[in-house]
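Readers should treat all values here as calculations from the given coordinates under stated rules, not as data from a laboratory. Because the structure is a prediction, the values reported are computed rather than measured. Note: ideal-geometry Cβ built from the backbone for every residue, glycine included; neighbour counts use all protein chains shown.
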Amino acid sequence: STLLASDFYPEISRQLRQVFKLVDFRKNQLGAIIAAMQGKDVFVLMPTGGGKSLCYQLPAICNGGKTRGVTIVVSPLVALMKDQVEGLNAKGIDALLSNAETVGNDWQCLVVSSRKPSLWYITPEKLRDSNKVNEILTILAKENNLARFVIDEAHCISTWGQDFRDAYTALGSLRDRFPDVPIMALTATANKHTVADIVSQLKLRDHAFFTQSFNRTNLKYVVQKKSKVDITHELVALLESRQGKTGIIYCNARRTCENVAENLREKGINAAHFHAGMSATEKDQAVHDWRAGVVPVIVATIAFGMGIDKSDVRYVIHHDMPKSLSGYYQETGRAGRDGEPAECVMFYSYQDKTKLDNQIEKSEDSTTESKERQKNAVREVYQFCENTSECRRVQILQHFDERFAKSLCRRGCDTCEADRETVSKDLTSNAVDAIKLIQLLSHRGDKLTHPQFVSVLRGANTADVRSKGHDKLPGYASCSQLPKELLELMLSRLLYNRVIETVAEQNRRGFHSNYLVLGQNAQGLLSGAESFLVDWHPKPEK
Ligand code: ADP
């Protein structure tokens with residue numbers, strides 16, 4: 001409403017209809033556009049498919065506002081940039097792309113012919129390495145012709161995520177070189193630590209922040225332990241009741257994709273496979289057949305997905321446990337983009353976890369820190385799978401630092417659907433022991449990661465625990481009597497209630513780890529004024 005009263009609104013709304021042929025804004029789009037036109041730094045955190053592009057494409061063609069001139073867009077995916085530039089040109093918008101192939105062209109276009117495109121897409125490598133590009137930017141800035149820098153997929157600047165890109169680091173100097181040019185950062189994958197990291201690296205000032213719930217209401221989440229290695233029987237049962245519907249089956253290995261697709265075909269299910277080891281022609285064929293609905297089921301590695309936006313995917317099945325919860329969220333997120341109900345079924349096993357751990361250990365291009373981080377991510381997924389007491393949505397969204405009331409899940413996941421008996425457990429003394437341990441450590445200037453904390457509370461007798469002297473800590477083994485599931489539930493609830501919180505810390509080599517510290521609501525428990533009850537749904541005896 002105050003947004004509609006903005007001086008910029010008439011022009012924005014006209015461009016939306018006339019140029020983009022759209023009628024309405026999606027959540028946060030208008031707010032982000034107006035903030036950009038006011039010349040502010042802007043941070044947009046929006047799930048995939050939410051409509052991030054419009055947030056910078058629309059202000060780029062408006063004449064009102066504080067900042068006129070060329071909008072610089074930095075994005076890591078050349079294919080996506082090409083698509084966008086083509087799409088914009090088709091709308092009659094002047095947009096230009098500079099990547100590794102466009103040697104010298106930029107100079108010709110922008111300086112010699114003094115063309116002023118509305119949007120200039122530049123790869124991060126080109127922005128870092130090309131003198132010409134940087135000269136042009138300096139000229140544009142001098143002429144007051146730089147509207148703003150747009151950093152798409154901004155999480156690539158953070159060593160936190162799996163998508164860290166070297167060339168993104170150079171973007172940290174934009175603010176110093178062009179102090180008067182506003183910056184807009186956009187991403188679909190960032191928890192609070194990544195957001196803070198992005199803000200500090202890009203040196204955003206007083207930025208307008210737009211975020212929304214990452215809950216996907218139309219998705220149903222089901223997690224199932226594999227009964228044996230070969231789950232063809234389970235898959236066939238799932239697929240037969242969904243005949244003719246479009247779906248994706250994700251596998252962790254190329255060989256598995258081929259085998260699973262073949263097994264399904266043998267059972268009369270029309271399935272194709274897709275992985276990075278296939279030739280370009282084979283891949284194109286598989287994608288084409290699946291998109292056209294000729295082959296409804298595609299069995300793929302996670303190489304399949306970037307830029308695939310088929311809106312009527314009715315189910316995403318994980319044949320193996322995924323590598324991280326962020327990955328799981330992205331992959332399952334490809335289901336139901338049309339808003340209609342869709343299902344996400346994950347199969348997992350302890351062997352899946354071990355396999356992933358071994359792969360990480362064997363990989364030659366990772367540092368010790370990076371391996372540790374990847375293994376923690378795997379452990380987190382395994383905890384998620386095993387934690388059948390907590391709503392799946394609560395767990396997934398907690399990963400993005402979003403608090404979700406499980407009553408809103410409405411039986412939309414396996415744990416909320418299971419009609420298990422509810423047992424109210426008083427875990428006050430366990431919780432107090434746990435947070436006293438954190439308090440004691442913080443007085444000593446020390447911290448534990450989540451897995452380390454679990455090991456100490458359970459009284460794990462491992463080399464790692466002994467070598468760090470953690471077995472001497474008060475609180476060691478204080479929760480050894482609790483079933484592991486209940487301990488995880490306790491920690492999940494303590495985090496949810498902000499009795500404990502996670503902080504990120506960077507080590508000398510620039511890598512982050514997540515540590516537990518006391519949260520804003522710790523005092524009540526510490527002083528003995530409050531008790532701590534959880535609703536537990538114990539697994540039925542088998
Ligand atoms: P993201 O980059 O956040 O994944 P995109 O910018 O690619 O999302 O937009 C996803 C889809 O939503 C595109 O097909 C786009 O045309 C469409 N879209 C974006 N904004 C709107 C809107 N206001 N109304 C209708 N469709 C929209």
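Helix-derived [θ] at 222 nm for the chain: sum -39500 (n - 2.57) over DSSP H runs of at least 4, divide by residue count, nearest 500?
-11000 deg cm²/dmol
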I need the GluC sites (Glu not before Pro) found in region 331-437, filtered to DSSP loop residues with at most 13 other beta carbons within 10 Å of theirs.
364, 421
Rg over Rh, two decimals, region 312-395 (C-alpha only, Kirkwood Rh):
1.03
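Got a sec? How would 450, 288, 207, 318 order by Cβ neighbour count within 10 Å, fewest to most? The partial results should precede the final answer.
Working: 450 20, 288 12, 207 17, 318 25.
Listing 450, 288, 207, 318 from fewest to most nearby Cβ atoms yields 288, 207, 450, 318.
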Find how many whole Å separate the alpha carbon centroid of region 141-181 from the alpha carbon centroid of region 323-353.
31
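Name the shape class, rounded, prolate or oblate, that the alpha-carbon gyration tensor gives for region 407-515, where a ≥ b ≥ c are the square roots of its eigenvalues, rounded holds for a/c under 1.5, and otherwise prolate holds if a/b is larger than b/c and oblate otherwise.
Details: a/c = 2.11, a/b = 1.53, b/c = 1.38.
Judged from the Cα gyration tensor, region 407-515 comes out prolate (a/c at least 1.5, a/b above b/c).
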Rounded if a/c is under 1.5, else prolate if a/b beats b/c, else oblate: with a ≥ b ≥ c from the C-alpha gyration tensor eigenvalues square-rooted, which is region 84-138?
oblate
Contact order relative to length for the chain, counting C-alpha pairs under 8 Å separated by 6 or more residues, stands in percent at 11
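Starting from region 428-476, pick out the trypsin sites (Lys or Arg not before Pro) whose DSSP state is loop and whose Cβ has at most 16 other Cβ atoms within 10 Å. Intermediate values should be presented prior to the final figure.
Numbers: sites: 436, 444, 447, 458, 466, 468, 472; in loops: 444, 447, 468.
Within region 428-476, the qualifying trypsin sites (Lys or Arg not before Pro) (loop, at most 16 other Cβ atoms within 10 Å) are 444, 468.
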What translational D, rounded to a whole number of µm²/s, comes out for region 235-371 from Stokes-Einstein when the hydrodynamic radius is the Kirkwood one over Cα pairs, at 4 °C and 1.567 mPa s?
83
Region 357-453: C-alpha pair distances exceeding 16 Å, %:
71
Report, in whole Å, the centroid distance computed from the Cα atoms of region 1-51 and region 213-245.
38
For the chain, which semi-axes, largest first and in whole Å, follow from the square roots of 5 times the eigenvalues of its Cα gyration tensor?
42, 31, 23
HN-Hα J couplings of region 416-421 from phi, Karplus 6.51/-1.76/1.60, θ = phi - 60°, integer Hz, Gly and Pro as x?
6, 7, 5, 7, 8, 5
What is the percent of Cα-Cα separations in region 1-67 that go past 20 Å?
18
Using the Kirkwood formula over every pair of different C-alpha atoms, what hydrodynamic radius in Å results for region 401-458?
14.6
Normalise the Cα radius of gyration of region 54-186 by 2.2 N^0.38 Å (N = residues in it) and let me know the number.
0.98
Percent relative contact order for region 281-406, counting Cα pairs under 8 Å at least six residues apart, stands at 22
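Based on the alpha-carbon gyration tensor of region 166-259 and its eigenvalue square roots a ≥ b ≥ c, which shape applies: rounded if a/c is under 1.5, prolate if not and a/b is larger than b/c, or oblate? Each step should come with its number before you reach the end.
Values: a/c = 3.65, a/b = 2.57, b/c = 1.42.
Prolate shape, in that a/c is at least 1.5 and a/b is the bigger ratio.
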One finds the C-alpha centres of region 64-96 and region 439-473 to be spaced, in Å, by 51
